[in-house]
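Undergrad: Can you read through this structure? Questions will come right after.
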Amino acid sequence: MEALGAAAAAFQLAQTGAQIVEILSKIHNAPTWVKDKQTQVQGLINMAKLISNNQSLRTALLQSLLNGCLKDATRLNNLLIGLSAKEEDGKIVRYWKSIVTVSKENKILGIFARLEEDKSALALCIANINS
């Protein structure tokens with residue numbers, strides 16, 4: 001049963017990661033750290049796909065790590081969705097979202113830092129399983 005749970009968590013993580021990458025790619029004149037974070041999330045997506053496609057990697061430990069990672073990715077995705085300006089938003093709404101985004105930058109970067117830690121833990125676990 002743990003294999004199914006790990007595969008489901010890996011699939012959900014890959015989907016959520018793809019949504020995050022899509023949101024980040026729509027940021028115009030983004031600072032360089034945004035591109036770095038896109039690359040970071042893409043690495044996490046690739047790792048999730050590896051786990052999803054490899055039966056031997058679907059362990060209880062990896063499922064637990066994936067669930068923690070998915071929780072962080074979902075929080076980040078929801079935060080980014082809330083801060084994303086839409087075409088139909090008026091100038092005042094877009095301006096307000098810009099101000100709120102700046103005020104939440106530390107929170108966003110904190111979640112990215114946790115995702116990087118999660119990715120490192122997944123990599124160590126995968127390396128241990130493959131050795």
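Where a number appears in this text, it was derived from the coordinates with a stated rule and is not lab data. Note that this is a predicted model, so its numbers are computed, not measured. Cβ atoms come from the backbone with ideal geometry, glycine included; neighbour counts cover every protein chain shown.
Undergrad: In what order do Ile45, Ile20, Ile129 fall by count of nearby beta-carbon atoms within 10 Å, going from fewest to most?
TA: Numbers: Ile45 20, Ile20 27, Ile129 15.
Neighbour counts put them in this order, fewest first: Ile129, Ile45, Ile20.
Undergrad: Separation between the Asn29 and Gln15 pseudo-spin-labels, each 7 Å from Cα along Cα→Cβ, expressed in nm?
TA: Placing both labels 7 Å beyond Cα along the Cβ direction yields 3.6 nm.
Undergrad: Can you sort Lys26, Lys104, Lys119 from fewest to most other Cβ atoms within 10 Å of each residue's own Cβ? Kindly include the intermediate steps, with their values, before the conclusion.
TA: Working: Lys26 11, Lys104 15, Lys119 19.
Fewest-to-most ranking of Lys26, Lys104, Lys119: Lys26, Lys104, Lys119.
Undergrad: Starting from 0 in steps of 5 Å, tell me what percent of the Cα-Cα pairs of the range 10-50 lands in each bin.
TA: P(r) for the range 10-50, in whole percents per bin: 6, 28, 31, 19, 11, 5, 1.
Undergrad: Using the number of other C-beta atoms within 10 angstrom as an exposure proxy, rank Leu57, Leu115, Leu79 with the fewest first.
TA: Values: Leu57 20, Leu115 24, Leu79 17.
In order of increasing Cβ crowding within 10 Å: Leu79, Leu57, Leu115.
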